[in-house]
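Novice: Let me give you the structure first, and then I'll get to my questions.
The values are calculated or read from the model by the stated rules, or taken from the named source; none is laboratory data. The structure presented is a predicted model; accordingly, all values stated were derived computationally and were not measured. Because the Cβ atoms are built from the backbone with ideal geometry, glycine has one as well, and the counts that use them run over all protein chains shown. When the accessible area is computed, the model is the full protein with side chains, heavy atoms only, and any ligands, DNA or RNA have been set aside. Shrake-Rupley method; radii C 1.70, N 1.55, O 1.52, S 1.80 Å.
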Amino acid sequence: MEKNKDQGGKERKDGFWGFGKKNKNKYGMIDYSPDKKNKFLIRIILILSFLSAFFGGILFYLWQNNEIKLPSFLNPEKKSSIIDDFQVQEGSVGDKKALSPEEIYEKTKKSVVGIAHYNVNTDMFSDLVGQGSGIVISENGYIVTNAHIVGDSKKNKIVVVFKSEDGKTEEYSAKLIGKDPKTDVALLKIEKSGLFPAIFEDSDHVKIGNRCFAVGNPCGFAFFGSYTGGIISAIGRTIDGSSVPYIQTDAALNPGNSGGPLINQYGYVIGMNTSKMSSVELEGMGFAIPSKMLLEVIKSLREKGYVGNRVKIGIVGKLVSRMHAQLNDLPLGIYIVEINSDSDLKRNGVKTGDIIMKVNGINITSYDDLDRALLNLKPGDKVSMKIFRRNSITNETREFEVSVRLIEDRGE
């Protein structure tokens, strides 16, 4: 390269990054400034460098905050759903190798626990209120079960039970992260690591006739880890107007199986067992919350402690049955036992003892009617209600209408 000395006596290389053009300035000095063509090229390089650094920084920030997920090259057979600080394992759609019933049980048995619910308000001893099953969903202590198993967890104690093959049991107090009574899902956390999380598969892949299996604790912990099998009898079932599209199975489910996993022929969890229809005439009609909905609810419970955009009126009520209505000369509806402090009813003159007859023109003869009247509404929306009131002293009755603002249902 041709060299020259600048005014400070230092040697300069020919051109700017080798793009310079040798010229003489007005003082007779040699100037190595870039020509117009190379100036444009340099500007392009600088702009591209800046944009690369800018967008690279954004992608790094989103990745660090779990807003985007990079593919796993270490374990291509599985994918993971990141939910804050824990990981729910999902089986790959392409990973299809049917297992024997023995292999399925060995693969899933360590992911099933017992859930015990105690009343600690007794004089000396804690009374067992209820018990069921739960599914381990993370190595660091997150467990999912049914909301009806944990009950009123603000007053009572929840315990997670582990049982080894030699019959030894371990119990851990559980913290309720959140629950959603509408879907009957509750998320718990215990202080224990090194657990064996279940692997989930998208329930959209479930087909009628597929083999399935259930692991749980029917009729108490004396039958801990019981294993039954059957087939998928139906999908998208609704029970009592519920919004959950249940998976129906003929695998034997009994009280205590609630909260346990429904497993497919590959050893992946496709649902959480929640209820059954039972009578002398019925046999083999069990129902499970599909895994797709279950994981969505779990994510919301982990982030907020409740499922967002759910609404409620803000009451504790009892349904007026047809028999009760006839005997007491009352209309069908919901008898108001208690009004929550944040409810809009009190501000509209509604009292305990009143009966809600209609909501937005829909006759309320069941809780399903109420759910239907509130469907697709958001917190803050207003509904019209027809109220029945009887004066307890004069026995006079009247009906009136109010406009009530809905509040957010946080599963409490």
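Novice: Being within 23 Å of Ser243 (Cα to Cα), surrounded by 14 or more Cβ atoms within 10 Å (Cβ to Cβ) and in contact (Cβ under 8 Å) with a residue 12 or more places away in the chain is true for just one of Lys386, Lys378, Lys382, Lys358. Which residue is that?
Specialist: Lys358
Here is a yes/no grid of residues against (1) under 22 Å from Val136 (Cβ atoms); (2) touching a residue at least 40 places away in the same chain (Cβ under 8 Å); (3) open to solvent by 20 Å² or more (accessible area, probe 1.4 Å); (4) of a type in the set (A, V, I, L, M, F, W, C):
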{"residue": "Leu187", "(1), (2), (3), (4)": "yes, yes, no, yes"}
{"residue": "Phe213", "(1), (2), (3), (4)": "yes, yes, no, yes"}
{"residue": "Phe224", "(1), (2), (3), (4)": "yes, yes, yes, yes"}
{"residue": "Ala234", "(1), (2), (3), (4)": "no, no, no, yes"}
{"residue": "Thr238", "(1), (2), (3), (4)": "no, no, yes, no"}
{"residue": "Ile247", "(1), (2), (3), (4)": "yes, yes, no, yes"}
{"residue": "Gly259", "(1), (2), (3), (4)": "yes, yes, no, no"}
{"residue": "Val269", "(1), (2), (3), (4)": "yes, yes, no, yes"}
{"residue": "Glu283", "(1), (2), (3), (4)": "no, no, yes, no"}
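Residue-by-condition table, conditions (1) over 24 Å from Val307 (Cα atoms); (2) modelled with pLDDT of 85 or more; (3) of a type in the set (A, V, I, L, M):
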position: Gly130; (1), (2), (3): yes, no, no
position: Ile143; (1), (2), (3): no, yes, yes
position: Glu171; (1), (2), (3): yes, yes, no
position: Asp180; (1), (2), (3): no, yes, no
position: Leu187; (1), (2), (3): no, yes, yes
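Novice: Would you say Ser81 is open to solvent by less than 80 Å² (accessible area, probe 1.4 Å), under 20 Å from the mean Cα position of the chain (by Cα) and at pLDDT below 90?
Specialist: yes
Novice: Out of the residues in region 155-180 meeting the condition of being part of a strand (DSSP E or B) and among the basic types (Lys, Arg), tell me which one is most open to solvent (accessible area, probe 1.4 Å).
Specialist: Among them, the one singled out is Lys175.
Novice: If you don't mind, there's one more thing I want to ask. Considering only residues of region 389-412 that are over 19 Å from Asn309 (Cα atoms) and hydrophobic (A, V, I, L, M, F, W, C), which is most open to solvent (accessible area, probe 1.4 Å)?
Specialist: Residue satisfying both the conditions and the ranking: Ile393.
Novice: Please verify whether region 94-111 includes one or more residues that are surrounded by 12 or more Cβ atoms within 10 Å (Cβ to Cβ), closer than 30 Å to Ser258 by Cβ, modelled with pLDDT of 80 or more and of a type in the set (Val, Ile, Thr).
Specialist: So far as region 94-111 goes, yes, one or more of its residues are surrounded by 12 or more Cβ atoms within 10 Å (Cβ to Cβ), closer than 30 Å to Ser258 by Cβ, modelled with pLDDT of 80 or more and of a type in the set (Val, Ile, Thr).
Novice: Identify, from the list Leu375, Leu332, the residue that is of a type in the set (A, V, I, L, M, F, W, C) and either on the phi > 0 side of the Ramachandran plot or under 34 Å from the mean Cα position of the chain (by Cα) (or both).
Specialist: The match here is Leu375.
Novice: Filter region 189-198 down to the residues that are under 30 Å from Lys97 (Cβ atoms) and in contact with a Ser or Thr (Cβ under 8 Å, 6 or more places away or on another chain), then identify the one that is surrounded by the fewest Cβ atoms within 10 Å (Cβ to Cβ). I'd like the intermediate steps shown before the answer.
Specialist: Keep residues of region 189-198 that are under 30 Å from Lys97 (Cβ atoms), which gives 193-198.
Filter again for in contact with a Ser or Thr (Cβ under 8 Å, 6 or more places away or on another chain), leaving 195-198.
Working: Leu195: 19, Phe196: 13, Pro197: 20, Ala198: 25.
In this case the residue turns out to be Phe196.
Novice: Looking at region 316-339, which of its residues are open to solvent by 20 Å² or more (accessible area, probe 1.4 Å), in contact with a strand residue (DSSP E or B) (Cβ under 8 Å, 6 or more places away or on another chain) and without any contact (Cβ under 8 Å) to a residue 40 or more places away in the chain?
Specialist: Scanning region 316-339 gives Val316, Gly317, Lys318, Leu332, Tyr335, Val337, Glu338.
Novice: Which of the residues that make up region 200-211 are surrounded by fewer than 20 Cβ atoms within 10 Å (Cβ to Cβ) and either outside any strand (DSSP E or B) or aliphatic (A, V, I, L, M) (or both)?
Specialist: Asp202, Asp204, His205, Lys207, Ile208, Gly209, Asn210
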